[in-house]
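**Q** My questions will all concern the structure given below.
The values are calculated or read from the model by the stated rules, or taken from the named source; none is laboratory data. Treat the numbers as computed from the prediction; the structure is a model and nothing was measured. Please note: Cβ atoms are built from the backbone with ideal geometry, for glycine as well, and neighbour counts cover all protein chains shown. Just so you know, the surface numbers come from the protein's heavy atoms only, side chains and all, with ligands and any DNA or RNA stripped out. Shrake-Rupley method; radii C 1.70, N 1.55, O 1.52, S 1.80 Å.
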Amino acid sequence: MTKPINIYLKTLDRDDLTIKQASRDVANYFKDVQTHIILEDFCELLKRSAKWQRGTVESRYKEVQNELENAYQNANINIFKLTRGHLFTAFKMADKKDKNFLNSLRGKIFEAILVGFYGGTYSLEHPPPPQQRGWGVSIGLPTKNENDVIAYYHHSGNPDLSKKTMDYAYLKNSVRVFYECKIQPDRFGDVEEQYFSLFHEKFKSFNLEHELCFFAADRSDEVEMEISDSDFDFPLHAFGYDNLASYISNHL
């Protein structure tokens with residue numbers, strides 16, 4: 001009998017505490033299926049916030065906050081549980097920080113949607129056996145009894161042009177699903193292509209079934225259009241706010 005191959009997930013947790021608290025709140029909010037009705041509008045918030053500048057972030061957030069609360073105050077969800085609390089605190093702090101803080105906040109919050117759709121932070125941190133889950137994880141396969149982390153390093157040595165993590169990973173027996181998340185679908189570029197290709201070849205060499213996915217804050221057809229020119233020799237599943245839930249419900 002062939003010995004099963006262990007896949008190692010290691011979370012790289014380097015987030016600011018305020019960003020971490022806000023993103024965990026978002027993840028736990030979206031674990032409730034009823035809240036999925038606001039996903040398109042919430043994605044719109046994240047897209048609009050790309051243009052917000054220091055000194056205006058808090059006021060711009062309050063504008064969107066009012067829009068969401070007015071639109072969903074009579075819905076069968078507690079919209080205030082999302083728009084107030086740690087999420088508001090994080091955007092308020094971003095008003096006084098540099099652009100990198102806002103970008104990190106936006107990116108982590110968007111990833112949190114995926115965590116929520118997979119059951120929130122408790123399911124992430126206490127997955128039932130034999131599941132493994134990871135948020136912002138490096139992935140390793142055994143080579144000579146060591147964890148061989150899958151990583152793409154650019155020849156220039158520039159860390160911004162290298163990649164060694166997946167935004168989310170879900171493993172259950174032969175179901176192995178890995179995600180890259182970008183708010184703007186056109187941000188899926190050469191670095192991600194190189195990493196995904198390397199990732200695919202590594203899993204293929206171990207005969208491990210896997211699915212590689214890209215989630216962006218647009219309709220799925222727009223996401224598919226953005227990656228249509230990518231030259232992959234394997235399927236890359238494209239998801240937007242309109243088809244993510246149905247895919248996940250069929251892969252748990």
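**Q** What percent of all Cα-Cα pairs in region 98-246 falls into each 10 Å bin, going from 0 up to the bin containing the maximum distance?
**A** 10, 39, 39, 11, 0
**Q** Using label points projected 7 Å from each Cα along Cα→Cβ, tell me how many nm separate Asp98 and Arg48, to one decimal.
**A** For the pair Asp98/Arg48, the computed spacing is 2.8 nm.
**Q** Residues with beta-carbon under 9 Å from that of Ser123, excluding Ser123: net charge, scoring Lys, Arg +1 and Asp, Glu -1?
**A** Numbers: positive: Lys31, Arg133; negative: Glu125.
Around Ser123, the charge tally is +1.
**Q** Using the alpha carbons of the chain, what is the convex hull volume per residue in cubic angstrom, as a whole number?
**A** 137
**Q** Using only Cα atoms, find the angle between the long axis of helix 17-29 and the longest principal axis of the chain, and express it within 0 to 90 degrees, rounded to the nearest 10.
**A** 90
**Q** Follow-up. Show me the three semi-axes of the equivalent ellipsoid for region 194-248, from the C-alpha gyration tensor (sqrt of 5 times each eigenvalue), largest first, rounded to whole Å. Please report the intermediate quantities before stating the final value.
**A** Details: eigenvalues 102, 37, 10 Å².
The equivalent ellipsoid of region 194-248 has semi-axes of 23, 14, 7 Å.
**Q** Please grab the % of Cα pairs in region 133-213 that end up more than 16 Å from each other. Provide the component values of the computation, followed by the final result.
**A** Numbers: 1732 of 3240 pairs.
Summing the P(r) tail past 16 Å for region 133-213 gives 53 percent.
**Q** Please report, as a whole percent, how much of the solvent-accessible surface of the chain comes from carbon and sulfur atoms (probe radius 1.4 Å).
**A** Values: 6000 of 13160 Å².
Carbon and sulfur atoms account for 46 percent of the accessible area of the chain.
**Q** Still on this model: Ratio of alpha-carbon Rg to the 2.2 N^0.38 Å globular estimate for region 1-123, to two decimals, please.
**A** Its radius of gyration relative to the 2.2 N^0.38 Å reference: 1.18.
**Q** Can you tally the lysine pairs in region 31-167 where the Cα-Cα distance is under 18 Å and the two residues are eight or more apart, or on different chains?
**A** Count of close lysine pairs: 22.
**Q** Then there is this: Report, to one decimal in Å, the Kirkwood hydrodynamic radius for region 1-66 based on all distinct Cα pairs.
**A** 15.2
**Q** Please compute the contact order of the chain in relative form: average sequence separation of alpha-carbon pairs under 8 Å and at least six residues apart, divided by the residue count, as a percent.
**A** Answer for the chain is 20 percent.
**Q** May I ask you to give the solvent-accessible area per residue for the chain, in square angstrom, as obtained with a 1.4 angstrom probe?
**A** 52
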